[in-house]
Structures are given as structure tokens and as C-alpha cells.
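The values are calculated or read from the model by the stated rules, or taken from the named source; none is laboratory data. These numbers were taken from a predicted model, which means no experiment stands behind them. Note that we place each Cβ from the backbone using ideal geometry, even for glycine, and neighbour counts take in every protein chain shown. Surface areas here come from the heavy atoms of the whole protein model, side chains and all, with no ligands, DNA or RNA. Shrake-Rupley method; radii C 1.70, N 1.55, O 1.52, S 1.80 Å.
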Amino acid sequence: MLEGDPTPWKFREYHKKLSLLRATIGLATLAITYRHRDKDAFKSFADDVYAEHVTGRALIRVAKKKIHAFEGELDEKKLTWFIKKYPEGDAYIIPPPEEIFEDEEKIDKLAEGIKHEFYKKYDIILPKEDIVYALKKSYEITKKFLDVYDDLASGRIRDPSEGIRKHPAYKELIQFLKEFAGAKKKVKRPKALQKGKDVQKGSEGGDSLTVDILAMFQALKLLNYSEDAVSNTVKDLEKKIKSIAELDDPGPEDVYMLGLYYLALNYIREEKFEKAEEVFRNL
């Protein structure tokens, strides 16, 4: 449990910090595992349906204390039984993200925890210095996107992926993934386009399109795949697909874009978010 006040009148601020913690850990593990994909780190982590348990156990290294987390009504009889069964507690209080990622000692402990858990679960050794750097850089980047969370919560924007792509820190996010994680492989364009065939005005190149789709999935991750965020992204993709399908004379690149949008939409509807990131990063 994140330290703070989750009561209804303070829930937005609490959830904002929880989102920042999740987004930072998510971006860092994405970057570090993809950087070491030659060790099967990325595939092992992405294919693990319980991957959040790995990072969850790592976070215990920076926990403040152990507590009893009791779900449901606080019936005295049930509570007494529960505490007797779990005398030492069954949950941990995790400090807010600023206390973790702005403290060198806590970053070091968390990095050591991630390294240990990856070795324990996947038999993969990740360099601690890489984990430390990924955690620091991810926090530096993700906290810049908190205003996107505010805009979405207040209704000023409805499409989180658009908010991410238009954000001043978007280029920094993509650059980090390219330089540190090595996500540099680009989409091959249709042969007709490679030969210089004209495309319809407004069409996106394959290179920028795959980066935009990756950013869309990063935006969804930043917002914890909330129902509104997923719904708005689906509507945005359906709109893009419709605009291409209604073209009188679609060119090769239009058809190619249509396929990429359909693929992204299918992954979202099936909630295969990690799989989508893996596929579009390797195109």
C-alpha cells in the first residue's frame, strides 16, 4: 500500500502519486529488460502474467513498515482471527515516489531488489548500475507527464495518447527508449514507397507511425490502463481506421497504416498491452 490518505476527498492526489510510482517502475523495467533482451529478460518479463509480483517484492526493500491489510467490514471477530493468522502483518506501507526516487539510498535498495527478484524468478542477472540509471531517468521523465493526469482527471483532454504525444517531454521519453533501451529498429515501408511513389497528403511515414503507436501504449500505461483512457484510445483508433477506409484512392502507405491501426486496436480490445509494446517495438 502506498503511504497517504486514500479517502474520497483526497483520493485524486493519492492516486496521482500511485500512478507516478507505477509509471516509473513500469518505464524502468520496460527499458532495462529491453536493453538486455539478448538475455531473454524482456520476453521473460513480458510473458509473465504475474510480473507485477516481481516488482512488488522488490519494493519491499524500501517499505516503511509491515501492516495488516483487512478487506471488507471490520467485524471484530473476523479481525481478531485475521490478526491471529497473520501476526506479523500481510502488507507493506510503501513511501511516496518522491521519497524513493529522490533518495540515493532507497534507489540503491530498490535496484538491488529488482536485480535479486529477476535472478530469483527468471535466472537472469541484470547489471545493478543499469537498473539504477533506468529508475532515475524514468522518474525524471514520468513526473513531467503528471499534468497530463491532471488534464485527463479534470476533463480538459479525453485522449491520453494525444496528451502524451503533444507533451514537451515526449521527445525525451522516446529518446530515452532509443538510446538506453535500444528501441531503434524501424518499420520497413512498402516497396512502392521506398521507390519514391507519392503518397496522399497528410499520410504518416512508417517510422513516425510506429513511434506514435508505442507512445499511445506508454500513455495507457502511465494512466494504469484506466477504463476512460482505454475507451478514448479505442475511439481514436476507430476514427483513424474509418478515415483511411473512406479514402477514394488509398495509396500503399495508407493501406499499411490501416493494418498497423487494426493490429493496435485488436491488442487493446484483448488487453494484450505488453504484447503490443513488444510487437510494435520490433517492427
Exercise for the section: Heavy atoms only, probe 1.4 Å: what % of the accessible area of the stretch 223-265 goes to carbon and sulfur, would you let me know? Expected result: 53
Exercise for the section: Starting from the amide H of HIS167, placed 1.01 Å from N in the peptide plane, find each other amide H under 5 Å away whose residue is 5 or more places distant or on another chain. Expected result: none
Fill in the blank from the handout: The rounded separation in angstrom of the Cα centers of the stretch 19-50 and the stretch 249-275 is 23
Practice task
Quick one: of LYS178/LYS221; LYS17/LYS239; LYS84/LYS109; LYS43/LYS221, which pairs are farther than 23 Å apart, Cα to Cα?
Solution key: LYS17/LYS239; LYS84/LYS109
Completion exercise
Simple SL model, points at 7 angstrom along Cα→Cβ for TYR50 and ASN224; separation in nm is 2.2
Fill in the blank from the handout: Plugging the Cβ-Cβ distance of GLU172 and LEU247 into 1/(1 + (r/R0)^6) at R0 = 45 Å yields, to the nearest 0.05, a FRET efficiency of 0.85
